[in-house]
Amino acid sequence: MTDTSFKWACIKCDKEIPQHQEYCPECEEKQYRKIGGLLFVPFLNLFLIAYGYFTSLTVTLKAGLETIGRLPISQSSYLFIAVGINFILLLYIIYIASLFLRKKKELPLAYSLLLIAGIVLMLIDRVATTYVFPNIPLGFTQVMPIITHTFYACIWIPYFRYSVRAKKTFIW
């Protein structure tokens, strides 16, 4: 055995560091300057969410324009309100994507609000649809997206709130 004591070193450059760290300050700055780790998953999911809202917007707008004057006012106005809400959410997704790319500290809250707003709006939509369009049944295909979005939110909201990687990328 040798008398030399064990020293902790940066995993990138082998500089001596405290025990609770993995990188020296210079390497840590380089490491967390970019989006990495599991943060790619919510960023890529933004495109899937945007695609869902865009297709909903186009289908609803097409249905509203094709049935204008043939449906009762309550049903027509519901369709156009849904188009407006989808458009606002698309703009909000663009804003969140810009926060992601610029690594702003507002991102964790904004992304969490998007997930919660999506779930709340789906619940409101399902209830309003059964009220405004009584002939459309509420089935598995209408309920399953709410369950999957809730499950997704239960994973990513705590990740953005408590993950060291998210905090160092967006907050610190």
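Quick one: is THR169 among the β-branched types (Val, Ile, Thr), surrounded by 15 or more Cβ atoms within 10 Å (Cβ to Cβ) and touching a residue at least 60 places away in the same chain (Cβ under 8 Å)?
Working: among the β-branched types (Val, Ile, Thr): yes; surrounded by 15 or more Cβ atoms within 10 Å (Cβ to Cβ): yes; touching a residue at least 60 places away in the same chain (Cβ under 8 Å): yes.
Judged against the criteria, THR169 is a match.
Within region 140-151, residues that are closer than 17 Å to TYR53 by Cβ and touching a residue at least 12 places away in the same chain (Cβ under 8 Å) have Cβ atoms under 8 Å from residues that are surrounded by 11 or more Cβ atoms within 10 Å (Cβ to Cβ) and hydroxyl-bearing (Ser, Thr, Tyr) in these pairs: GLN142/THR129, counting only partners at least 6 apart in sequence or on another chain.
Taking region 49-75 as the range and being of a type in the set (Ser, Thr, Tyr), farther than 22 Å from GLY118 by Cα and in a helix (DSSP H, G or I) as the test, only SER74 passes.
Pairs are defined by a Cβ separation below 6 Å, a sequence spacing of at least 6 or placement on different chains, a first member in region 108-119 that is in contact (Cβ under 8 Å) with a residue 60 or more places away in the chain, and a second member that is not hydrophobic (A, V, I, L, M, F, W, C); the pairs so defined are GLY118/HIS149.
Given the options MET122, MET144, name the one that is of a type outside the set (Phe, Trp, Tyr) and surrounded by 13 or more Cβ atoms within 10 Å (Cβ to Cβ). Walk me through it before giving the result.
On the way: MET144 fails: surrounded by 13 or more Cβ atoms within 10 Å (Cβ to Cβ).
Of the residues listed, the single one that is of a type outside the set (Phe, Trp, Tyr) and surrounded by 13 or more Cβ atoms within 10 Å (Cβ to Cβ) is MET122.
Can you find even one residue in region 92-104 that is β-branched (Val, Ile, Thr), closer than 25 Å to VAL164 by Cβ, under 13 Å from the mean Cα position of the chain (by Cα) and modelled with pLDDT of 90 or more? There is at least one residue in region 92-104 that is β-branched (Val, Ile, Thr), closer than 25 Å to VAL164 by Cβ, under 13 Å from the mean Cα position of the chain (by Cα) and modelled with pLDDT of 90 or more. Could you check region 45-84 and list, in sequence order, the residues that are over 17 Å from the mean Cα position of the chain (by Cα) and of a type in the set (Val, Ile, Thr)? The answer is THR55, THR58, VAL59, THR60, THR67, ILE68, ILE73, ILE81, VAL83.
Looking at region 33-49, which of the residues that are among the β-branched types (Val, Ile, Thr) and surrounded by 14 or more Cβ atoms within 10 Å (Cβ to Cβ) is modelled with the highest pLDDT? Explain how you work it out, then say what you get.
From region 33-49, those among the β-branched types (Val, Ile, Thr) are 35, 41, 49; that's our starting set.
This time we only want the ones that are surrounded by 14 or more Cβ atoms within 10 Å (Cβ to Cβ), so: 35, 49.
Working: ILE35: 68, ILE49: 94.
Among those that are among the β-branched types (Val, Ile, Thr) and surrounded by 14 or more Cβ atoms within 10 Å (Cβ to Cβ), it is ILE49.
The values are calculated or read from the model by the stated rules, or taken from the named source; none is laboratory data. Quantities reported herein were computed from a predicted structural model and do not represent experimental measurements. Quick reminder, even Gly has a Cβ in these numbers, built from the backbone with ideal geometry, and neighbours come from all protein chains shown.
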